Amino acid sequence: MNNLFFVQGGRFLVLVFFQILIFNHINFLGYINPYVYILLIAFFPVRNNRIIIILLSFFLGLTIDLFLDTGGIHAGACVFIAYIRPVILKSSFGMIYEHQSIKFDTVDFGTKLTYISLLTVIHHFVLFSLEIFNFSKIILILQKTLFSSIFSIILIMIITIIFSKKSK
């Protein structure tokens, strides 16, 4: 438990640091922003208590909100994906999730891409819906969700490939 705390705490600090200093300053074409900090939620160990990941997600989103002055939209989106994460895990991994034996480094690329894509698209849709908060601008919400999700998924997959443990 103590090791898990330090590992997740380190990931928290590193992802917040890079999100704030690098990724938040990427604003391609005015509406494409990558949000890679959701990696912490995506790869949080499956066997842990669900309340822990929801609280961690809230503090992760709140930290991003404090630095971006966005009024809680990141916290809301993070808590939402942390709450529905078991459904996404079950739909992406199937029986591996049922036995709670998912090792994210050992799953195949397609399954990992499906999982990351679902989580990212849902996060971005909730985030931009809360940001715009106007149903008459649903096309803008979907446009921002689509393009930011594609960019975020590409960056997240590159990061996971670079930092994954090589298994023989």
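The values are calculated or read from the model by the stated rules, or taken from the named source; none is laboratory data. Here the structure is a predicted model, which is why all the values come from computation and not from measurement. Note that we place each Cβ from the backbone using ideal geometry, even for glycine, and neighbour counts take in every protein chain shown.
Here is a yes/no grid of residues against (1) crowded, with 18+ Cβ neighbours inside 10 Å; (2) more than 26 Å from GLY94 (Cα to Cα):
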position: ASP108; (1), (2): no, no
position: ILE122; (1), (2): yes, no
position: PHE125; (1), (2): yes, no
position: PHE133; (1), (2): no, yes
position: LEU140; (1), (2): no, yes
position: GLN143; (1), (2): no, yes
position: SER149; (1), (2): yes, no
position: ILE154; (1), (2): no, no
Checklist entry - Given the conditions (1) over 20 Å from SER92 (Cβ atoms); (2) surrounded by fewer than 22 Cβ atoms within 10 Å (Cβ to Cβ); (3) aliphatic (A, V, I, L, M), which single one is not true for LEU60? => result (2)
Item to check | Scope the range 72-97; condition at pLDDT 90 or above and not in a helix (DSSP H, G or I); matching residues | outcome: GLY72
Checklist outcome for this item: Of the residues in the range 126-139, those that are touching a residue at least 40 places away in the same chain (Cβ under 8 Å) and more than 16 Å from the chain's Cα centre (by Cα) come to LEU130, GLU131
Checklist outcome for this item: Selection from the range 14-34 of residues exposed (fewer than 11 other Cβ atoms within 10 Å of the Cβ) and in a helix (DSSP H, G or I) yields LEU21, HIS25
Checklist outcome for this item: Just one listed residue, out of SER57, SER117, is within 18 Å of THR145 (Cβ to Cβ), at pLDDT 90 or above and of a type outside the set (Val, Ile, Thr), and it is SER117
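Yes or no, residue by residue, for (1) more than 25 Å from HIS25 (Cα to Cα); (2) modelled with pLDDT of 95 or more; (3) not in a helix (DSSP H, G or I):
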position: ASP105; (1), (2), (3): yes, no, yes
position: GLY110; (1), (2), (3): yes, no, no
position: VAL121; (1), (2), (3): no, yes, no
position: GLU131; (1), (2), (3): no, no, no
position: LYS137; (1), (2), (3): no, no, no
position: GLN143; (1), (2), (3): no, no, no
position: PHE147; (1), (2), (3): no, no, no
position: ILE156; (1), (2), (3): no, no, no
